[in-house]
1. Looking at Gly171 and the list (1) in contact with a helix residue (DSSP H, G or I) (Cβ under 7 Å, 6 or more places away or on another chain); (2) at pLDDT 95 or above, which single condition is not satisfied?
2. Among the residues of region 73-88, are any in a loop (DSSP other than H, G, I, E, B) and out of contact with any Phe, Trp or Tyr (no Cβ under 9 Å at 6 or more places or on another chain)?
3. Is region 42-52 home to any residue that is β-branched (Val, Ile, Thr), outside any helix (DSSP H, G or I) and in contact with a helix residue (DSSP H, G or I) (Cβ under 7 Å, 6 or more places away or on another chain)?
4. Which of the residues that make up region 279-336 are closer than 22 Å to Arg177 by Cβ and acidic (Asp, Glu)?
5. Collect the residues in region 215-247 that are touching a residue at least 12 places away in the same chain (Cβ under 8 Å) and among the polar types (S, T, N, Q), keeping them in residue-number order.
6. Would a scan of region 7-19 turn up a residue that is part of a helix (DSSP H, G or I), under 29 Å from Ile155 (Cβ atoms) and at pLDDT below 95?
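The values are calculated or read from the model by the stated rules, or taken from the named source; none is laboratory data. Treat the numbers as computed from the prediction; the structure is a model and nothing was measured. Positions of Cβ are generated from backbone atoms using ideal geometry, with glycine treated the same way; all protein chains shown enter the neighbour counts.
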Amino acid sequence: MKNPLTLVAKAGYRLLSVSAASRVSDIYLGAKFDYLAHFAKKFAPNIPTPKVTLVIPVYNVERYLELCLKSVRAQRYPNLDVILVNDGSTDGSLATARKYQEKLPLHIVDQENAGLGAARNAGVASIQSTDFLMFLDSDDALAPGALNALVGQAIATGSDFVIGDTTRMKGLTRLKRRDTRELFAMGNQLRKTFAELPKAIQDLTAWNRLFRFDFYKASQIEFPNGVFFEDMAPMTKALVESKQFDVLAETVIFWRVRTEGAKSITQETGQSQKITDRLASLSLQKKILLSAIASGRATSENLAEFYSRIKNHDFKLYEKTASQKQLDLFAEFLEPGI
């Protein structure tokens, strides 16, 4: 017999995760961001501050985009440039973006639909000069004070990039991401190499980290076009290429789990093409890791942590929906006996 408290907790979670709860949450956060846009403490006021460029790819997110842009405005970061790439949206996303050009240093790059990777690359290509680069997905939101925390950390250590924690936002619920909890449970990790912190392979999303732009360009990081999970291999490359990076055990992103309309890429686990692209990305990640081990920039422990992540996360996402052929391909990444 199941624990009654567990049943009550699950019922409460489902109730707080419905579409109506998501709208209530957005109203509350929107009001909070509006307040902070006027009254939040600015980063190091009255002294020169490094320039941060945010690249926001947008495709048919009219329902979510305004909260995203409100969260950017609430940062009150004094040296900010926002590049919004409209990737062929057919809804009202572009109109929402134009409305915020009066409230933010917002530049719009308008292009035909080419996918998330191409949109991010287009945003980076349009940067004329900046000190730091950050990506933000248009259905997510920056946590209050996120840019201050990330920039402050990067200045303090001089690291190539800083990875921040993520809070999963579904309706009115707030939970830490399962797949990265072990990494952030270790607390702040400063001036680390990939060999020193193998668990960093748990977190390969592009949108919760601040890069030094000169490092990003020198490392020739670029997202592949026309595929899903386009950020996993480039972020693996960033870990390998960096001389040092930081992990900040502080929420910098509210990551939305959609409860209405089209699901996000990470929520869709049943589409065959997405499983195929996930497997292709894993193959590329493994190739990067093996090359890094050969050159002394990673160790067998990094590879073991990579396999562990696949076993405990990647494989579990798809084991019920993958074809037998795809399951056989997953098996190549799993440790013997699994």
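1. Result: Gly171 passes all but (2).
2. To start, the set of residues in region 73-88 that are in a loop (DSSP other than H, G, I, E, B) comprises 74-79, 88.
Add one more test, that the residue is out of contact with any Phe, Trp or Tyr (no Cβ under 9 Å at 6 or more places or on another chain), and what stays is none.
Checked region 73-88: no residue is in a loop (DSSP other than H, G, I, E, B) and out of contact with any Phe, Trp or Tyr (no Cβ under 9 Å at 6 or more places or on another chain).
3. Looking only at region 42-52, we keep the residues that are β-branched (Val, Ile, Thr), and these are 47, 49, 52.
From what's left, outside any helix (DSSP H, G or I): 47, 49, 52.
Filter again for in contact with a helix residue (DSSP H, G or I) (Cβ under 7 Å, 6 or more places away or on another chain), leaving 52.
Yes: region 42-52 contains one or more residues that are β-branched (Val, Ile, Thr), outside any helix (DSSP H, G or I) and in contact with a helix residue (DSSP H, G or I) (Cβ under 7 Å, 6 or more places away or on another chain).
4. Hits for region 279-336 are Glu305, Asp314, Glu319.
5. Those that are touching a residue at least 12 places away in the same chain (Cβ under 8 Å) and among the polar types (S, T, N, Q): Ser219, Asn225, Thr236, Ser242, Gln244.
6. no
Rundown of residues vs (1) in contact with a Phe, Trp or Tyr (Cβ under 7 Å, 6 or more places away or on another chain); (2) among the small types (Gly, Ala, Ser), yes/no style:
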| site | (1), (2) |
| --- | --- |
| Asn60 | no, no |
| Arg63 | no, no |
| Thr96 | no, no |
| Glu102 | no, no |
| Gly117 | yes, yes |
| Ala122 | no, yes |
| Ala154 | yes, yes |
| Asp160 | yes, no |
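Conditions (1) in a helix (DSSP H, G or I); (2) among the charged types (D, E, K, R); (3) more than 22 Å from Pro234 (Cβ to Cβ), marked per residue:
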| site | (1), (2), (3) |
| --- | --- |
| Ile288 | yes, no, no |
| Ala292 | yes, no, no |
| Ala298 | no, no, no |
| Asn302 | yes, no, no |
| Ile310 | yes, no, no |
| Ala322 | no, no, yes |
| Leu327 | yes, no, yes |
